[in-house]
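Trainee: To start, I am sharing the structure in question, which I have written as C-alpha cells.
The values are calculated or read from the model by the stated rules, or taken from the named source; none is laboratory data. For clarity, every value in this text was computed on a predicted model and none was experimentally measured. Glycine also receives a Cβ, built like all others from the backbone with ideal geometry; neighbour counts cover every protein chain displayed. For the accessible areas, the whole protein counts, side chains as well, though only heavy atoms, and no ligand, DNA or RNA atoms are used. Shrake-Rupley method; radii C 1.70, N 1.55, O 1.52, S 1.80 Å.
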Amino acid sequence: MKEKVMEAYDKLAGDYERHVDSQSGHNAFYERPAMLSMLPSDLKQMTVLDAGCAAGWYTEQFIQRGAQVTAIDLSPAMIEACKRRVGNKATIFACDMNEELPFDDETFDLIVSSLTLHYIEDWTPTFREFQRVLKREGSLIFSVHHPFMDFKHFDRHNYFARELLSETWNKPESGPVEVTFYRRPIQEIINVTSSKFNIEQIVEPQPSRVHKDSPEAKEWMAKWYDRLMTNPHFLIVKARKSID
C-alpha cells in the first residue's frame with residue numbers, strides 16, 4: 001500500500017503544484033475554507049506540523065499566519081513541490097506516518113492533516129505518535145473522506161467494514177492515475193481519535209458560501225453546490241491532546 005500511494009502521488013505532484021489550487025473545487029471551495037475556519041488566524045509563536053503536506057498549500061498558509069512549520073509527506077515529488085513553494089521558510093522532508101515520527105516528545109502546538117489519513121490502514125500507531133509529539137493541550141485537526149460518501153459512491157455492501165478502495169483520477173499533467181485508500185465507519189474514526197484525544201468538534205463541511213458567486217468557482221459550484229449542501233463528502237475532526 002505504501003508503494004502504491006507513493007507512486008500515485010509522485011505522478012500527481014505536478015498537478016497539485018500547478019492546478020489543484022485553482023482547478024479543484026473540492027479543495028479550493030470546500031475542504032480548505034472549512035479547515036481554515038477551525039484554525040487560529042494568528043499562529044505566531046506556534047509550532048505546526050503539516051502532516052501530509054502535498055505541494056505545500058497549507059504549509060504556506062501556516063507560514064503566512066506566523067507559525068514555525070514542519071511539513072512532511074510520503075511522496076518525494078510532493079516534498080520537492082512543497083520546497084519550491086515555500087523555500088527555506090519551513091522544515092520539509094519525506095516521512096512515513098505509519099512509522100515512528102522523527103520528533104522529540106511535545107514538539108508541536110498543532111498538527112494539521114488534510115485528506116491524508118485515509119491512506120493509512122491502522123490509525124492507532126499514527127495517533128499514538130501524534131499524541132506523543134504534541135505539547136500539553138496541543139491540538140489535532142484532520143480531514144478525511146466522509147465514510148458515508150465512500151459507502152454510497154463505491155456501492156459497498158458492509159458499511160462497518162474497513163476496506164481498501166481504488167479509483168482512477170484523470171488529471172491534466174499526469175493523465176489517469178490509480179489512487180488507493182481505505183474506507184472505515186465513522187465509529188472507528190471517532191473511537192481511535194478519542195482514545196488519544198478529546199474531540200472538540202466534528203464538521204461535515206458544505207461548500208463555502210464566500211466563494212459561491214466568485215467567477216473562478218462558477219463552473220464547479222454549478223455542478224457540485226446543491227449536491228454538497230445535502231450530501232457529505234469530507235469529514236473534519238478537531239481534537240485536543242488528552243492528558244493521562
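Trainee: For region 6-55, which positions are touching an Asp or Glu at 6+ places or on another chain (Cβ under 8 Å), within 14 Å of Val112 (Cα to Cα) and hydroxyl-bearing (Ser, Thr, Tyr)?
Mentor: Thr47
Trainee: Now for a separate question. Considering only residues that are closer than 17 Å to Asp10 by Cβ and of a type in the set (A, V, I, L, M), which ones fall in region 46-102?
Mentor: Ala54, Ala55, Ala71, Ile72, Leu74, Ala77, Met78, Ile79, Ala81, Ile92, Ala94, Met97
Trainee: So for region 68-78 (the condition being more than 20 Å from Phe103 (Cβ to Cβ) and of a type in the set (A, V, I, L, M)), does at least one residue qualify?
Mentor: yes
Trainee: Open to solvent by less than 20 Å² (accessible area, probe 1.4 Å), under 26 Å from Glu204 (Cα atoms) and not aromatic (Phe, Trp, Tyr): which single residue out of His118, His157 fits that description?
Mentor: His118
Trainee: Look at Glu129 and say whether it is open to solvent by less than 30 Å² (accessible area, probe 1.4 Å), among the charged types (D, E, K, R) and over 29 Å from Gln23 (Cα atoms).
Mentor: yes
Trainee: If we keep just the residues of region 163-182 that are in contact (Cβ under 8 Å) with a residue 60 or more places away in the chain and more than 20 Å from the chain's Cα centre (by Cα), which is nearest to Lys2 (Cα to Cα)?
Mentor: Among residues in region 163-182 that are in contact (Cβ under 8 Å) with a residue 60 or more places away in the chain and more than 20 Å from the chain's Cα centre (by Cα), the one nearest to Lys2 (Cα to Cα) is Ser174.
Trainee: Residues in region 107-129 that are among the aromatic types (Phe, Trp, Tyr), out of contact with any strand residue (DSSP E or B) (no Cβ under 7 Å at 6 or more places or on another chain) and closer than 22 Å to Thr91 by Cα: how many?
Mentor: Qualifying residue count, region 107-129: 1.
Trainee: Moving to a separate point now. Give, as residue ranges, the strands (runs of 3 or more DSSP E) completely inside region 163-211 that count at least 3 residues that are surrounded by 15 or more Cβ atoms within 10 Å (Cβ to Cβ) and either hydroxyl-bearing (Ser, Thr, Tyr) or touching a Phe, Trp or Tyr at 6+ places or on another chain (Cβ under 6 Å) (or both).
Mentor: Per the criteria, 175-183.
Trainee: Further question: Among residues belonging to region 130-146 that are in a helix (DSSP H, G or I) and touching a strand residue (DSSP E or B) at 6+ places or on another chain (Cβ under 9 Å), point out the one that is nearest to Pro232 (Cα to Cα).
Mentor: The extreme case among them is Phe130.
Trainee: Right, here's the next one. Name the single residue that is farthest from Thr193 (Cα to Cα) among those in region 89-124 being in contact (Cβ under 8 Å) with a residue 40 or more places away in the chain and of a type in the set (S, T, N, Q).
Mentor: Per the criteria, the residue is Thr107.
Trainee: A further question on this structure: Given (1) under 21 Å from Arg128 (Cβ atoms); (2) exposed (fewer than 11 other Cβ atoms within 10 Å of the Cβ); (3) of a type in the set (Val, Ile, Thr), identify the lone condition not met by Thr230.
Mentor: Status for Thr230: all satisfied but (1).
Trainee: Quick one: is Phe160 touching a strand residue (DSSP E or B) at 6+ places or on another chain (Cβ under 9 Å) and either part of a loop (DSSP other than H, G, I, E, B) or in contact (Cβ under 8 Å) with a residue 12 or more places away in the chain (or both)?
Mentor: No, not satisfied.
Trainee: Tell me, yes or no, whether region 197-210 has at least one residue that is of a type in the set (Gly, Ala, Ser) and more than 18 Å from the chain's Cα centre (by Cα).
Mentor: No, there is no match, as no residue in region 197-210 is of a type in the set (Gly, Ala, Ser) and more than 18 Å from the chain's Cα centre (by Cα).
Trainee: What residue, among those in region 29-49 that are small (Gly, Ala, Ser) and over 14 Å from the mean Cα position of the chain (by Cα), is surrounded by the most Cβ atoms within 10 Å (Cβ to Cβ)?
Mentor: Ser37
Trainee: Can you tell me which residue among Gly14, Gly66, Gly52 is open to solvent by less than 20 Å² (accessible area, probe 1.4 Å) and modelled with pLDDT of 95 or more?
Mentor: The match here is Gly52.
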